[in-house]
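Everything below concerns the one structure shown next.
The values are calculated or read from the model by the stated rules, or taken from the named source; none is laboratory data. Quick caveat: nothing in here was measured; it's all calculated off a predicted structure. So basically every Cβ, Gly included, is an ideal-geometry build from the backbone, and we count neighbours across all protein chains shown.
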Amino acid sequence: MATPVDSANLILKLYELRREPVMREARNFIFTFNPRSVEDYMAGMMGPNSGHIRMVVSYWEMASSFVVKGAIDAAMFDETAGEHIVVFGKIEPFLPQLRQAMGNPNLFRNLEQVCTTAPGSLERVRAIAERMRNMAAARPAAAQ
């Protein structure tokens, strides 16, 4: 199990990586990417922003693996991060179909585990996903 200092150092490193310009651009794209089905997700994966999608989702899968394997304390991660929940909320409704389409039954397993194992966490994921969809829908109206 990670010490608090080990966890803090890894969390700070993850934060530094999120500030990299291409990653920041990818993260900005993900906030506007709202797939409603596995077909929408796969269309995004085949489109011009495929790299953005892969970069952000695999980043949070990697960060979640650190939590699952004990390199980062789960409570500290939960208290200092939240973007992984937003990302997982975008794929959670169709994750079984996505796993089937990709031929990988373990696809995003670490991210899923980090986002859904605590009591009430799946409800939290869904509430945040709904809030993000509402914000995205309100964005065009606010621009007028």
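In table form, for the structure just shown:
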quantity: Hey, ARG24 exposed (fewer than 12 other Cβ atoms within 10 Å of the Cβ), part of a helix (DSSP H, G or I), free of Cβ contacts under 8 Å to residues at least 60 places away in the same chain and of a type outside the set (Val, Ile, Thr) or not; calculated: yes
quantity: Sole residue being in a helix (DSSP H, G or I), more than 10 Å from the chain's Cα centre (by Cα) and at pLDDT 95 or above, chosen from LEU107, LEU98; calculated: LEU98
quantity: All positions within the range 35-88 that are among the small types (Gly, Ala, Ser) and under 25 Å from PRO21 (Cβ atoms); calculated: GLY44, GLY47, SER50, GLY51, SER58, ALA63, SER64, SER65, ALA81, GLY82
quantity: Flag for ILE30 being aliphatic (A, V, I, L, M), touching a residue at least 60 places away in the same chain (Cβ under 8 Å) and over 17 Å from ILE128 (Cα atoms); calculated: no
quantity: Near pairs, Cβ below 6 angstrom, 6+ apart or cross-chain, from the range 116-144 (closer than 18 Å to PHE33 by Cβ and part of a helix (DSSP H, G or I)) to any residue that is of a type in the set (Gly, Ala, Ser) and at pLDDT 80 or above; calculated: VAL125/GLY89; ILE128/GLY89; ALA129/GLY89
quantity: Residue that is surrounded by the most Cβ atoms within 10 Å (Cβ to Cβ) [pool: residues in the range 56-86 that are under 13 Å from the mean Cα position of the chain (by Cα) and aromatic (Phe, Trp, Tyr)]; calculated: TRP60
quantity: Lone unmet requirement of (1) on the phi < 0 side of the Ramachandran plot; (2) surrounded by 15 or more Cβ atoms within 10 Å (Cβ to Cβ); (3) out of contact with any Pro (no Cβ under 8 Å at 6 or more places or on another chain) for PHE108; calculated: (1)
quantity: Which listed residue, of ILE91, ILE128, is closer than 26 Å to MET45 by Cβ, modelled with pLDDT of 95 or more, under 12 Å from the mean Cα position of the chain (by Cα) and β-branched (Val, Ile, Thr); calculated: ILE91
quantity: Every pair of residues 6+ apart whose Cβ atoms lie under 6 Å, when the first sits in the range 48-72 and is under 25 Å from ASN34 (Cβ atoms) while the second is polar (S, T, N, Q) and at pLDDT 95 or above; calculated: GLU61/ASN110; SER64/ASN110
quantity: Residues that are in a loop (DSSP other than H, G, I, E, B) and either without any contact (Cβ under 8 Å) to a residue 12 or more places away in the chain or not acidic (Asp, Glu) (or both), drawn from the range 73-85; calculated: ALA81, GLY82
quantity: Cross-chain or 6+ apart pairs with Cβ under 6 Å, the range 86-102 first and acidic (Asp, Glu), then crowded, with 16+ Cβ neighbours inside 10 Å; calculated: GLU92/VAL125
quantity: Of the criteria (1) part of a helix (DSSP H, G or I); (2) closer than 23 Å to MET132 by Cβ, which one SER65 fails; calculated: (2)
